[in-house]
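J.: Take a look at the following structure, please.
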Amino acid sequence: MSSEIPSSEIPSSEILTEFVDLPDGRSYPVHVGPKAIGRLAELLPPTARRAAVITQAGIGVEVDPGIDARVFVVPEGEQAKRLGVVEDLASQMALWGMTRNDVVIAVGGGVVTDLGGFLAATYHRGVPVVHVSTTLLGQIDAAIGGKCGVNLPEGKNLVGAFWQPIGVICDTDVLATMPEREYRSGLGELAKYHFLGGGRLDDLPLPERVARCVRIKADVVAADEREGGRRAVLNYGHTLGHALETAGRYDIRHGEAVAVGLVYAAEVARRLGRIDDAAVTEHRRVVSQYGLSTVVPQDSDPRELIALFARDKKATEGITFVLDGDSGVETIRVDDEALLLDSFEAVR
């Protein structure tokens, strides 16, 4: 991944452009900074005559693609990430006359970019998509890397594809309008980047912090586009996080679940002898200083959550965690249920 200017030299009022460099010479830009949304039109393919703008009612971010555009409003929250919604959108686009030369523009958070990316990947067997990410979680994670999909009743993101966008907009100005809890949820994803090479991210201004996270994710994606190995480290904190979400009975946002998942993963790693007490303390410091909880919901059932670990996308052969260690964060199979139960005592 390359950058037009080193992030340390970018004033917070300017736009930093990062590139996700993929095999076979494929590359796309990620524009980060205030007013970055003004660069949307330059990202569109020259063949595009129509733009299907996918968004949700509560987003409140308008875009001007500079070509004939139609806005399609999808349901709020995770209810948008259903196969039925994809079918309905594809039908409306077909009736409108959209071809494979046209473009999908997903305007919203991770739910919208996941849905919009999957819609683009499957309509006419693939049309270009641009993500205009409007949440912190989306800007540092969901909008970058081409993973997209929808949910089934049995779990999150169980139907999906790898479909890279042709460009991403991360306008940091729009983050100021986010509801406090949703913004804090994004900080849970940001916390994981501290342990993926980000270091003291909390010392940087917000635009540079977002750009640093984009750079880290882009480097991982470039090395492992289809999650055959290294890309799994981006799921740090997600084993417990996804279990809490899949259980469906806890009032917890994705980033909040990932945050406590980071602490839990650190406790598991310490019990396996991979990290020491100081490393666990640093995990707790990072999560706490972002105003996030380091404990699971009060009424959580550890045995239920451990059973849900086996449904995680990484769990191809038993329960698999992403854990910190001397060699950095990596995937590790953990079959010791007693150890997993004991680790829960540290996050209750």
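J.: Give the order of Val268, Val32, Val295 when sorted by the count of other beta carbons within 10 angstrom, beginning with the fewest. Can you show the working numbers first?
T.: Numbers: Val268 25, Val32 32, Val295 13.
Lowest count first: Val295, Val268, Val32.
J.: If you put +1 on each Lys and Arg Cβ and -1 on each Asp and Glu Cβ, how big is the dipole of the chain around its Cα centre, in Debye rounded to 20? Provide the component values of the computation, followed by the final result.
T.: On the way: 36 positive and 50 negative charges, 128 e Å.
With Lys and Arg at +1 and Asp and Glu at -1, about 620 debye.
J.: Give me the one-decimal Kirkwood hydrodynamic radius in Å for region 60-203, with the sum taken over alpha-carbon pairs.
T.: On the way: mean 1/r = 0.0631 Å⁻¹.
The Cα-based Kirkwood calculation yields 15.8 Å.
J.: Now for a separate question. Step through the residues of region 212-222 one at a time and calculate ³J(HN,Hα) from phi using the Karplus curve (6.51 cos²θ - 1.76 cosθ + 1.60, θ = phi - 60°), rounding each to whole Hz and writing x for Gly and Pro.
T.: 4, 5, 4, 4, 4, 5, 4, 4, 5, 4, 4
J.: Let me know the Rg and Dmax you get for region 16-138 when you use only its Cα atoms, in Å.
T.: Rg and Dmax of region 16-138, Cα atoms, are 13.9, 39 Å.
J.: Same structure, new question: Relative contact order of region 190-250, please, whole-number percent, based on alpha carbon pairs below 8 angstrom and at least 6 residues apart.
T.: Details: 27 pairs, mean separation 15.2, N = 61.
The normalised contact order for region 190-250 reaches 25 percent.
J.: Need the C-alpha centroid separation for region 69-109 versus region 221-259, integer Å.
T.: Cα centroid to Cα centroid, the span is 25 Å.
J.: As an exercise, take the mean of 1/r over every pair of distinct alpha carbons in region 195-253, invert it, and state the Kirkwood radius in angstroms.
T.: 13.3
J.: Assuming 1.002 mPa s and 20 °C, estimate D for region 262-327 with Stokes-Einstein, Rh taken as the Kirkwood radius over Cα pairs, in µm²/s. Present the calculation step by step, with values, prior to reporting the outcome.
T.: Working: Rh = 13.2 Å.
Stokes-Einstein gives a translational diffusion coefficient of 163 µm²/s.
J.: Where does helix 110-122 land angle-wise versus the long Cα axis of the chain, in degrees 0 to 90, nearest 10?
T.: Once rounded, one gets 60 degrees.
J.: Let me ask something additional. If packing is taken as the mean number of other Cβ atoms within 10 Å per residue, what is the order of 259-267, 161-169, highest first? The partial results should precede the final answer.
T.: Numbers: 259-267: 27.4, 161-169: 22.1.
The densest-packed peptide leads the list: 259-267, 161-169.
J.: Considering amide H positions built from the backbone, and no H for Pro or chain starts, which residues 5 or more places from Ile54, or on another chain, come under 5 Å of its amide H?
T.: Phe72, Ile105, Ala106, Val107
J.: How big is the Cα convex hull of the chain in projection, averaged over all directions, in nm²? Kindly include the intermediate steps, with their values, before the conclusion.
T.: Numbers: hull surface 65.7 nm².
Approximately 16.4 nm², given one-decimal rounding.
J.: Let me know the number of lysine pairs in the chain closer than 28 Å at the Cα, not counting same-chain pairs under 8 apart.
T.: 23
J.: Return P(r) of region 104-189 (all Cα-Cα pairs; 5 Å bins starting at 0; whole %; ordered from short to long distances).
T.: In order of increasing distance, the bins hold 3, 17, 26, 23, 17, 10, 4, 1 percent.
J.: Sticking with this one: Once every DSSP H run of n ≥ 4 in the chain is given -39500 (n - 2.57) and the sum is divided by its residues, what mean residue ellipticity at 222 nm do you get, rounded to the nearest 500 deg cm²/dmol?
T.: Working: 9 runs with 116 residues, N = 348.
After summing the helix terms and dividing by the residues of the chain, the value is -10500 deg cm²/dmol.
J.: Using the number of other C-beta atoms within 10 angstrom as an exposure proxy, rank Thr113, Thr99, Thr246 with the fewest first. Write out the running numbers ahead of the final one.
T.: Working: Thr113 30, Thr99 14, Thr246 17.
Least crowded to most crowded, the residues run Thr99, Thr246, Thr113.
Values in this text are rule-based calculations from the coordinates and carry no lab data. Given the structure is predicted, the values throughout are model-derived calculations rather than measurements. Every residue, glycine as well, gets a Cβ built from its backbone with ideal geometry; the counts of neighbours run over all protein chains shown.
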